[in-house]
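Down below is the structure, laid out as structure tokens.
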Amino acid sequence: QVQLVESGGGLVQPGGSLRLSCAASGSIFNSYAMGWYRQAPGKQRGLVAFITSGGNANYVDSVKGRFTVSRDKAKETVYLQMNNLKPEDTAVYYCNRYPPFAKLWGQGARVAVAS
């Protein structure tokens, strides 16, 4: 059964950094664009960034220049490096295909940015 498992979340001060990882199992990873999404308290889940199968990365405006998405096909893992974190980045972060596939949502990684 296909699964996506996010890890690397935590509490960090404003201006700090975190790296999230998303490990995929099954044959879903290498052929698809993969995305990172987040859901802040009281808000809907939305796209943060995605990376194509060929390695092209795209970002929403609010994280451009601060976040970097990458993938390691050999490890079937996608990463989200988050620098210069702000309190408004506080959310649960999820990975999924891009566009997302409903049955692939995992538990997410909780990120809290606070002093």
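Computed from the coordinates by the stated procedures, all read-outs in this text should not be read as laboratory data. Just so you know, these numbers come straight off a predicted model, no measurement behind them. We place every Cβ from the backbone using ideal geometry, glycine too, and count neighbours over all the protein chains shown.
Qualifying chymotrypsin sites (Phe, Trp or Tyr not before Pro) in the range 26-115, where qualification requires a DSSP coil assignment and no more than 14 other C-beta atoms within 10 Å, comprise Phe101, Trp105.
Dividing the mean sequence gap of close Cα pairs (under 8 Å, 6+ apart) by how many residues the chain holds gives a relative contact order of 37 percent.
For the Cα trace of the range 36-109, dividing Rg by the Kirkwood Rh returns an Rg/Rh value of 0.94.
Which longest uninterrupted range of the chain lacks any trypsin sites (Lys or Arg not before Pro) assigned by DSSP to a loop state (not H, G, I, E or B) and surrounded by at most 16 other Cβ atoms within 10 Å?
Of all site-free stretches, the longest is 1-42.
Considering only Asn56, Asn96, Asn83, the mean-square fluctuation computed in a Gaussian network model of the chain, springs between alpha carbons under 10 angstrom, is largest for Asn56. Fully extending the segment from Trp105 to Ser62, taken as 0.36 nm per residue of separation minus the present Cα-Cα distance, adds 13.2 nm. Cross-link reach is defined here as a Cα-Cα straight distance under 16 Å, omitting same-chain residues fewer than 8 places apart; for Lys86 the lysines meeting it are Lys64. Relative to the Cα centre, what is the charge dipole magnitude of the chain, using +1 at the beta carbon of each Lys and Arg, -1 at the beta carbon of each Asp and Glu, and rounding to the nearest 20 debye? Computed charge dipole of the chain: roughly 80 debye.
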